[in-house]
1. Restricting to the stretch A:147-156, and then to whatever is within 13 Å of the ligand (Cβ to nearest atom) and closer than 28 Å to A:Gly115 by Cβ, can you tell me which residue is surrounded by the fewest Cβ atoms within 10 Å (Cβ to Cβ)?
2. Please go through the stretch A:127-139 and pick out each residue that is part of a loop (DSSP other than H, G, I, E, B) and either within 14 Å of chain B (Cβ to nearest Cβ) or within 8 Å of the ligand (Cβ to nearest atom) (or both).
3. Please go through (1) open to solvent by 40 Å² or more (accessible area, probe 1.4 Å); (2) among the small types (Gly, Ala, Ser); (3) at the interface with chain A (Cβ under 8 Å from one of its Cβ atoms) for B:Gly312 and return the number of the only condition it doesn't satisfy.
4. Residues that are of a type in the set (S, T, N, Q): list the strands (runs of 3 or more DSSP E) wholly contained in the stretch A:177-239 that include at least 2 such residues.
5. Kindly indicate the residue of the stretch B:204-216 that is facing chain A (nearest Cβ under 9 Å) and in a helix (DSSP H, G or I) and also nearest to B:Met59 (Cα to Cα) among those meeting that condition.
6. Just need a number here: residues in the stretch A:185-208 that are within 15 Å of the ligand (Cβ to nearest atom), touching a residue at least 24 places away in the same chain (Cβ under 8 Å) and closer than 19 Å to A:Ile121 by Cβ.
7. So which of A:Ser64, A:Ser34, A:Ser25 ends up being of a type in the set (S, T, N, Q), over 14 Å from the mean Cα position of the chain (by Cα), open to solvent by 30 Å² or more (accessible area, probe 1.4 Å) and under 22 Å from A:Ala336 (Cα atoms)?
8. State all residues of the stretch B:87-110 that are buried (at least 17 other Cβ atoms within 10 Å of the Cβ) and either over 19 Å from the mean Cα position of the chain (by Cα) or over 28 Å from B:Glu25 (Cβ atoms) (or both); if no residue qualifies, say none.
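The values are calculated or read from the model by the stated rules, or taken from the named source; none is laboratory data. Every value quoted in this text rests on a predicted model; they were computed, and no experiment measured them. Quick reminder, even Gly has a Cβ in these numbers, built from the backbone with ideal geometry, and neighbours come from all protein chains shown. Each accessible area value is taken on the protein alone, full model and side chains, heavy atoms only, with ligands, DNA and RNA left out. Shrake-Rupley method; radii C 1.70, N 1.55, O 1.52, S 1.80 Å.
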Amino acid sequence: MPPAAKALRKEVRAFLNEQMPKSVSSAEKARSWSGGAAAFSKLLGQQGWLGMTWPKKYGGHERSYAERYVVIEELLVAGAPVGLHWVADRQSGPLMLRFGTEEQREFFLPRIARGEAYFCIGMSEPNSGSDLASVRTRAHKVEGGWRINGQKIWTSNAHSAHYMIALVRTGEAETRHAGLTQFIVDMKSEGLTVKPIANLTGESHFNEVFFDDVFVPDNRLVGREGDGWRQVGAELAFERSGPERYLSSIRLFLEFLRVAGPNPTELEKQLIGRMTAEMWTLRQMSMSILGKLAAGEDPAVDAAIVKDIGTSFEQELPRLVQANAREDVTLETGDAFDDTLSYLLQTSPSFSLRGGTREILRGIIARDLGLR
Amino acid sequence: MSELRTLLSETTARVLADSRNAPLERAWTQIAQAGLASVLIREDDGGFGGTWSDAMIVMKAAGQHACAAPLPENILATALANAAGVTLPDGMITIGPRPDGALNGTGFTGSIAGVPWGRNASHVATIVARGGGHQLVIAKVADAKITPHENPAGEPRDTLAFDNAPIVTAEIPGWDSHRLYAFGAMLRSAQIAGAIAGALELSVTYTRERQQFGRPLANFQAIQQQLAVLAEETAASDMAAAAAFRAAGTGEGLFECAAAKLRTNRAARTATGIAHQVHGAMGFTAEYDLHHFTRRLWAWQTEFGNERFWGGKIGSGVAARGPANFWADLVALSE
Ligand SMILES: Cc1cc2nc3c(=O)[nH]c(=O)nc-3n(C[C@H](O)[C@H](O)[C@H](O)COP(=O)(O)OP(=O)(O)OC[C@H]3O[C@@H](n4cnc5c(N)ncnc54)[C@H](O)[C@@H]3O)c2cc1C
């Protein structure tokens, strides 16, 4: 990490110390990038901590990838409510920077960097999950733009986002990978309906999104018509390699440390040691991808490796903690440990689904090995 | 990679491949002549003048080529000699992991167990406490009573007993026997990363060639998914070991040595299981090469500390610092 990153880390910690209300519970913090607060997103924008690596002329701050990494890992560890702007800052902005038109960059990037424009990811459909190339939502050409018909599903934050980057079919021949195009869809468009889906805990973070003849003007097509598949691939390296792919359960680790105290049992020591070594390794792995992203490479395989090992770890953590918690621990008292554990036990299955399933990631790695 | 590093890595791979089936004495001559053991020796003294990260290249390659010689140990010995400001004698120098004995002015009395290639080496280097400080001790193997032992991979791990043996000794600031043991763990982490890479390579080649049900095993998704995990563990062990070697070059490195050994041990456990499973009975034979990697991986998991040992060390350290310091401590390691 460069020296500038160290100074920045101090700044971020001081900021969080001031801005994170002391009353936020551990389970609430565990939500981090699944939760969100508009005022907090704006504050981050004012700090210059959104769009950090982007050119200044688009409202960015021309800072290094390492500096951005410092900010996001500190936010995640603190359990800050960063969910609203997360996708925009992580992947929609970089997507437009790379493939978007000048007008799109000038319009959207400054808004994202101010923490005012949120994006959601419109990839999955009822019949297209892992087999993303089979999406059926379709855009057809009309005067001055396109009309979209179809349905997206599992769209996180569709209810709070201002825009969606939607992957839809534009080609006539239904060849699998050709004929897919990405559009920026205004969520207030006429004909677009968002319906929340409650997850198994009863909370609603994801949604169904229906498109009934939704008009999208020509200037909201991202990159090249028919190039959507390749563009999505580039986006996924950003989506898969970040610290949020191993830190989702860190609140529970910290709770485990708190309850174990300074003189833990032998068993607790073992677990703490093992989990610490894992996080240390994952952090090295995740940071090692920064250089490649900064150089404009597409480290898809490295990112798949980080995500699979990282999510396996953050998923295993609640199970390990439950199996080895002290005898008097129940999941009923509502105390910080219990609450965090029960929240993560229930939500951790999603870690190896969202952003590409474990099996799909392993398929990508196997292809790289020359096995398929 | 810098040009010099590429050269080092290519030379190492070539020499270790060439010498792989040679008798130890001849192999060692080739290794020594190529300067592989001198990677940490200053250029002025005829070495490569490298860093610990350069040393990792050689040590990982030693694992990847199933090198049957104390090459990593000899490199560590040169680092100890650097730290103590002494020049090593010529010959094959190994390391004494945990000496049990004392210095009495002129000589060393005591025994050292688990000495890699003790019987073949010319000297053994270890660290013994004396007064308030720590001494680097270099003893001639010829002065020892040798009890031969081997690890499961057939690598010599001998017990050397000394009775007032004449020694070279010098104060070694910043080191003690615990640090020596931790660095031994770091050495093994690089070798483990190399051996896992070797096992992956064999597994990929084998499953692409071997046909069942009318197609290569590699075509079956169950096999692909397992090998993907093996590739992940290869990446994780490489990264963990590399981070430890970086830390060894810049700071104390004790946490990193521990974490790297802990992580690579876990990787070794997963990797040996997968590599054998995809090879079927062929991987279980003496004739086929896989066991050169997997038997070493089993042996090395125990050497220089297993997961319980290092897990306990890291765990008590982290617990003592408490949840409020955890993250700050973790990131401070790479700043
Ligand atoms: C919390 C959460 C948030 C999400 N947010 C978004 C979002 O914002 N935007 C968005 O577009 N999507 C989102 N998703 C959807 C996510 O991307 C999909 O769940 C994922 O791609 C898998 O698709 P699926 O659920 O249809 O499962 P399926 O594709 O039906 O798969 C079910 C199981 O079968 C396995 N499988 C499928 N195909 C194969 C194969 N060829 N070989 C072996 N195994 C296979 C899968 O790995 C999985 O284990 C979210 C999901 C979750 C859980």
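1. Per the stated criteria, the residue is A:Ser156.
2. A:Gly129, A:Ser130, A:Asp131 - these are the residues of the stretch A:127-139 that are part of a loop (DSSP other than H, G, I, E, B) and either within 14 Å of chain B (Cβ to nearest Cβ) or within 8 Å of the ligand (Cβ to nearest atom) (or both).
3. (1)
4. Numbers: elements: A:180-186, A:192-197, A:206-217.
Where strands (runs of 3 or more DSSP E) fall fully within the stretch A:177-239 and carry at least 2 residues being of a type in the set (S, T, N, Q), they are A:180-186.
5. Applying the first criterion (facing chain A (nearest Cβ under 9 Å)) to the stretch B:204-216 yields B:204, B:207-208, B:216.
Applying the additional criterion that residues be in a helix (DSSP H, G or I) yields B:204, B:207-208.
Working: B:Val204: 23, B:Thr207: 28, B:Arg208: 29 Å.
Result: B:Val204.
6. Count: 11.
7. Result: A:Ser25 is the single residue among A:Ser64, A:Ser34, A:Ser25 that is of a type in the set (S, T, N, Q), over 14 Å from the mean Cα position of the chain (by Cα), open to solvent by 30 Å² or more (accessible area, probe 1.4 Å) and under 22 Å from A:Ala336 (Cα atoms).
8. Within the stretch B:87-110, B:Leu88, B:Gly101, B:Leu103, B:Gly107, B:Phe108, B:Gly110 meet the criteria.
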